[in-house]
Amino acid sequence: MARPLICDIAVVGSGINALAAAAMLAKSGNRVAVFEREAVAGGCMRTEELAPGVVYDPLATTFVLWVTGGAHGALAADLARHGVEFCATDTPTGVLLPDGRALIYKTDRAANIAAFDAAHAGDGAQLGADLDEFASKAGLLFGLMGGDPWSGATAKLLAKEAWARGTHGLASTMGGALTSMRGWLETSFQSDLSRALWAPWCLHAGLGPEAAFSGQMGQVIGFALEAASAPVIKGGAANMVRALVAIIEEHGGRVRTSAEVAEITVERGRATGLVLADGERVTAGKVLASVTPNQLYERLAPQPERRDDLRKYKYGKGNFQLHYLLNGPVRWKTPGLEAVQLLHLTPGLDAVSKAGNEAERGLLPAVPTICVGQPSAADPSRAPAGQSVLWLQMPEAPRHVKGDALGEIAVPADGQWTPALREAYADRIEAILAPHIEGFAEAKQLRRAISPADLQGYNINLVGGDPYGGACALDQFFLWRPFAGSKRHDTGIKGLYHIGASTHPGPGLSGGSGFLTAKELGA
């Protein structure tokens, strides 16, 4: 019988949090082993071939939260040494309305103020004032959003802020951060374009425009995009995975794929290792699990006392993806959109609210919010010369389909996403997109649609196609993620740590929970 693998730290899953933690811990001298159930490592960082010589990221693609986060600070030099190159234009986002009017947002504050003022006199000045106000509290908000809420550092941060602002001033600042996206936009901007540019961004934080804190998230995103743009990885997100794996391996660690974990072994209240699906046993001093709460507490390390927490844990809306290969450049009928990396197609704030509400109620939205990524604008290596790749994300898709808001698409009686339903919904999206691009039908060479069910097939953590590891409403975020009684990444089992999008600081390609846990363990 083969001797069991022995390591200091075993990591379940290989998404960005798992790999970031593993890389940091391996660099600090720990024997690390990572186990991934899929045939390739990376979780939501995946690159595939769309056509010969053409690559695309079928899942996540934008690394703005990574380049502005702590994990990047810890690993940037190693990643660069292993060939990771971040590519971005100076125009991270914009919005395109059905009538062809558009507004773009650059990494230049003066240009943005001028563009917003052109949309409506005073909107630019208010944008500048809002971002300046955010900057005055950025240290507090980023410290709370990205730091350990139970740490001494956070206690010191709050004490410092209370001293500087006064107790009432700190309470006022925290209360103001709870404003909704609608509340922010309708009190700051007069132009429908100005409002429409920001409205969809709350969706990328797993929130709707009426949700508490969604307005503050809009300012967080605006601040980050202006500072760092919307970088993609040259050659595809898989190059980030390859580099992180290389860092782990050069420090003696191992990353194993097609290695599903069936059980986390626990003896006398302490995690002692893993059992793989094929029966192989792994002995480990500590275990990090980058999985959903249901996977962890129902299957891997069952805790019947968590039953009520799991009953209350909510997953968010599904995502729908659509990818295109086009001949030639993307010829937008509205000029000035060629370099926009993430362009939203939407009628505006009310339409974002309506589509999100329809998806929440299980309906296919009549007019979905379409996020059009143009990776070729920043990274021409994605396709041969003379071709372009489009990456589309629709953040408002029902996990379980109860009907169609327009009453046009037949929905299976069991509410499941079938290939026929997927392609019919893709047709609706394409019908909205195509009129904005000159000669779209002739330029289109290939289309690939990915439904919420397909997303879960890629990654078991994307429950029902929810890319955020669970709903991000305020009652299930910050120190209350995943549960109201959660503390750091503790699980109630010694030596077992819960990381990933389902834990603080939540989703996004920041590697935040992996970074925080690695630091807690001495990295």
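The values are calculated or read from the model by the stated rules, or taken from the named source; none is laboratory data. This one's a predicted model, so the numbers in the text were calculated from it and none came from an experiment. Methodologically, a virtual Cβ is constructed for each residue, glycine included, from the backbone with ideal geometry; neighbour enumeration extends over all protein chains shown. SASA here: full protein model, heavy atoms, side chains in, ligands and nucleic acids out. Shrake-Rupley method; radii C 1.70, N 1.55, O 1.52, S 1.80 Å.
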Criterion violated by Leu140 - all others in (1) modelled with pLDDT under 95; (2) open to solvent by 20 Å² or more (accessible area, probe 1.4 Å) satisfied: (2)
Check on Met174, open to solvent by less than 50 Å² (accessible area, probe 1.4 Å) and part of a helix (DSSP H, G or I): no
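Go over the candidates Tyr315, Tyr297 one by one and state the one that is touching a helix residue (DSSP H, G or I) at 6+ places or on another chain (Cβ under 6 Å), under 29 Å from Ser258 (Cα atoms), assigned to a helix (DSSP H, G or I) and at pLDDT 95 or above.
On the way: Tyr315 fails: assigned to a helix (DSSP H, G or I).
Exactly one of Tyr315, Tyr297 is touching a helix residue (DSSP H, G or I) at 6+ places or on another chain (Cβ under 6 Å), under 29 Å from Ser258 (Cα atoms), assigned to a helix (DSSP H, G or I) and at pLDDT 95 or above, namely Tyr297.
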Thr91 open to solvent by less than 20 Å² (accessible area, probe 1.4 Å) and either at positive phi or modelled with pLDDT of 95 or more (or both): yes
Subset tally (residues that are open to solvent by 10 Å² or more (accessible area, probe 1.4 Å), under 12 Å from Leu97 (Cβ atoms) and in a loop (DSSP other than H, G, I, E, B)) for the range 333-350: 2
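Give Glu210, Glu186, Glu161 a once-over and let me know the one that is part of a helix (DSSP H, G or I) and modelled with pLDDT of 95 or more.
On the way: Glu210 fails: part of a helix (DSSP H, G or I); Glu161 fails: modelled with pLDDT of 95 or more.
Checking each option against the conditions leaves just Glu186.
If we scan the range 22-30, do we find a residue that is under 14 Å from Ile460 (Cβ atoms), in contact with a strand residue (DSSP E or B) (Cβ under 8 Å, 6 or more places away or on another chain) and at pLDDT 95 or above? Steps first, answer last, please.
Initially, the range 22-30 is screened for residues under 14 Å from Ile460 (Cβ atoms), giving none.
Looking through the range 22-30, none of the residues is under 14 Å from Ile460 (Cβ atoms), in contact with a strand residue (DSSP E or B) (Cβ under 8 Å, 6 or more places away or on another chain) and at pLDDT 95 or above.
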Residue that is nearest to Thr272 (Cα to Cα) [pool: residues in the range 291-332 that are open to solvent by 10 Å² or more (accessible area, probe 1.4 Å) and small (Gly, Ala, Ser)]: Gly316
Residues located in the range 297-345, provided they are free of Cβ contacts under 8 Å to residues at least 40 places away in the same chain and under 15 Å from Ile104 (Cβ atoms): Pro335, Glu338
Residue that is closer than 21 Å to Val54 by Cα and either open to solvent by 20 Å² or more (accessible area, probe 1.4 Å) or part of a helix (DSSP H, G or I) (or both), where the choices are Ser353, Ser388, Ser381: Ser381
